[in-house]
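First up is the structure itself, then whatever we jot down about it.
The values are calculated or read from the model by the stated rules, or taken from the named source; none is laboratory data. Note that this is a predicted model, so its numbers are computed, not measured. Counting neighbours? That spans all protein chains shown, and the Cβs are built from the backbone with ideal geometry, glycine included.
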Amino acid sequence: MTINEKQDEIIEEFDLFDDQLDKTQYIIDLGKKLPPMPESLKTDENRIMGCQSKVWVDAELKDSQLYFYGDSEPTAQISKGLVGLLIRVLSGEKPEDIANADLYFIPRVGMGNLITSLRAGGLASMIERMKAFGKAYSTVKQ
């Protein structure tokens, strides 16, 4: 499934909800499904600056595809859900595709109405970090 196909799938899922609270709960539920990130990867180097809570993202290149790991502190369930959404869309893709991805699903699901401006800044920092991994790994040959 391509990045755009994954985004379209997420848009369809969010369209099932009429209420913003239901959409927010869905984001939280997605975070609960995120596989645990190894504690050894929860370092200052992997911490996303700009988030109001502690959020970590790391990446690994396997078979020319980039795979992401992410987590947040336990009380930051929405942040963890946002990380989970980004991982769902970007993980397992080619680094250059990640670096150049147009993440149009974010405005299309009405994310600006679902999260605070502080969380929006954190989300932007998460995207920036993941795209930076894509750029960095696009020059790596396996």
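Within segment 12-27, can you find the residues that are of a type in the set (A, V, I, L, M, F, W, C) and surrounded by 15 or more Cβ atoms within 10 Å (Cβ to Cβ)?
Selection gives PHE14, PHE17, ILE27.
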Matching residues in segment 99-142 - criterion: being under 25 Å from SER64 (Cα atoms) and either among the basic types (Lys, Arg) or touching a Phe, Trp or Tyr at 6+ places or on another chain (Cβ under 7 Å) (or both): ARG129, MET130, LYS131, LYS135, LYS141
Out of the residues in segment 51-85 meeting the condition of being over 15 Å from ALA124 (Cα atoms) and of a type in the set (A, V, I, L, M), tell me which one is surrounded by the most Cβ atoms within 10 Å (Cβ to Cβ). LEU66
Answer residue from segment 99-140, given it is over 27 Å from GLN77 (Cβ atoms) and among the aliphatic types (A, V, I, L, M) and is modelled with the lowest pLDDT among those: VAL140
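Matching residues to (1) closer than 23 Å to PHE133 by Cα; (2) assigned to a loop (DSSP other than H, G, I, E, B); (3) in contact with a Pro (Cβ under 9 Å, 6 or more places away or on another chain); (4) not β-branched (Val, Ile, Thr):
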site: PHE17; (1), (2), (3), (4): no, yes, no, yes
site: LYS23; (1), (2), (3), (4): no, no, no, yes
site: ILE28; (1), (2), (3), (4): no, no, no, no
site: MET37; (1), (2), (3), (4): yes, yes, no, yes
site: THR43; (1), (2), (3), (4): yes, yes, no, no
site: MET49; (1), (2), (3), (4): yes, yes, no, yes
From (1) at pLDDT 95 or above; (2) surrounded by 16 or more Cβ atoms within 10 Å (Cβ to Cβ); (3) farther than 18 Å from GLU13 by Cα; (4) not aliphatic (A, V, I, L, M), pick out the condition that doesn't hold for GLU96. (2)
Restrict the check to segment 60-79 and report whether at least one residue is touching a residue at least 12 places away in the same chain (Cβ under 8 Å), part of a helix (DSSP H, G or I), under 12 Å from the mean Cα position of the chain (by Cα) and farther than 19 Å from MET37 by Cα. no
Quick check on VAL89: is it among the hydrophobic types (A, V, I, L, M, F, W, C), closer than 19 Å to PHE14 by Cβ and either surrounded by 13 or more Cβ atoms within 10 Å (Cβ to Cβ) or in contact (Cβ under 8 Å) with a residue 60 or more places away in the chain (or both)? yes
